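J.: Dumping the structure here so I can ask a few things about it.
The values are calculated or read from the model by the stated rules, or taken from the named source; none is laboratory data. Since we're looking at a predicted model, the values are computed, not measured. Here Cβ is always computed from backbone atoms with ideal geometry, including for glycine, and neighbour counts include all displayed protein chains.
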Amino acid sequence: MNPKPHPIDGTDPTLAPTALIDSDHPDVVAFARQHAVGADDRERAVALYYAVRDGFRYDPYRCDLSPAGMRASSVLAQGTGWCVPKAALLAAVCRAAGIPARLGYADVRNHLSTERMRQSMQTDLFIWHGYTDLLIDGVWRKATPAFNLSLCERFGLLPLDFDGREDSIYHPFDRSGNRHMEYVHQRGTFDDMPLAQMVADFQRVYPVWLSQGVGLRDADFHADAEREAR
């Protein structure tokens, strides 16, 4: 696959900052400068992937669908995030490092969750699961930085590695051979986060989850996951 051509005006939407992929935010720029280490874009993208994956705890209990809660720099400020804002952060720091990046989304069936999440969501279908699409050596590669390594170890999951040469997407099974993630619908890729559509779909599919948002934010997802894994 060839890299997509740049528009006539010289701008490339996969390199440009947006309100939610705020790659021009000073903290995002500083993070990219610190972690984008390597001899070429592939090595720098891999380094940024692991810095985002493991530097910020995955936490779906703190789901804030406001623009302030979803923008990339908010993950840096909070130290936590769930799949959608963590994917936005990876896209932002890659853009800040000059690596074209966009956002991809899929609906996945999650066979491993906490009881608190199951009661709140009332389904095992996670719509608008977010990942990052990175242009490396002329090919778009999927990178999924959601689950940090410590969570995988506690929950018995296989961590997702990324080498910049192959796609990094959820494993279908966990370490014990149990069903983990099943991709049921691909929503495609976007140059910016389609937040309005996400919010409308979440309100329709997860009314209980959204109404219990404050209560969930007081709970500890990692503690719940570790307790149930035992």
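J.: Hey, can you tell me all the residues within region 204-228 that are modelled with pLDDT of 75 or more, touching a helix residue (DSSP H, G or I) at 6+ places or on another chain (Cβ under 7 Å) and closer than 18 Å to residue 56 by Cα?
T.: Result: 219, 224.
J.: What is the residue count in region 168-193 for residues that are part of a loop (DSSP other than H, G, I, E, B) and under 14 Å from the mean Cα position of the chain (by Cα)?
T.: Number satisfying all stated conditions: 5.
J.: If you don't mind, there's one more thing I want to ask. So how many residues does region 125-141 have that are among the basic types (Lys, Arg) and under 15 Å from residue 172 (Cβ atoms)?
T.: 0
J.: Can you pull out every residue in region 97-141 that is aliphatic (A, V, I, L, M), more than 26 Å from residue 209 (Cα to Cα) and in contact with a Phe, Trp or Tyr (Cβ under 8 Å, 6 or more places away or on another chain)?
T.: 134, the sole residue that qualifies.
J.: Give the residues of region 16-48 that are under 22 Å from residue 193 (Cβ atoms), surrounded by 15 or more Cβ atoms within 10 Å (Cβ to Cβ) and of a type in the set (Gly, Ala, Ser), sorted by residue number.
T.: 23, 32, 36, 45
J.: Further question on the same structure: Counting only residues that are in contact (Cβ under 8 Å) with a residue 60 or more places away in the chain, give me the helices (runs of 4 or more DSSP H) lying completely in region 68-139 with at least 3 of them.
T.: 83-96, 115-121
J.: Of the residues that sit in region 186-203 and are over 30 Å from residue 11 (Cα atoms) and surrounded by 14 or more Cβ atoms within 10 Å (Cβ to Cβ), which one is modelled with the highest pLDDT?
T.: 201
J.: Quick test for you: out of 223, 196, 146, pick the one residue that is assigned to a helix (DSSP H, G or I) and under 18 Å from the mean Cα position of the chain (by Cα).
T.: 196 is the lone residue from the list that is assigned to a helix (DSSP H, G or I) and under 18 Å from the mean Cα position of the chain (by Cα).
J.: Determine, yes or no, whether residue 57 is surrounded by 14 or more Cβ atoms within 10 Å (Cβ to Cβ), in contact (Cβ under 8 Å) with a residue 40 or more places away in the chain and under 22 Å from residue 187 (Cα atoms).
T.: So residue 57 does not fit the description; no.
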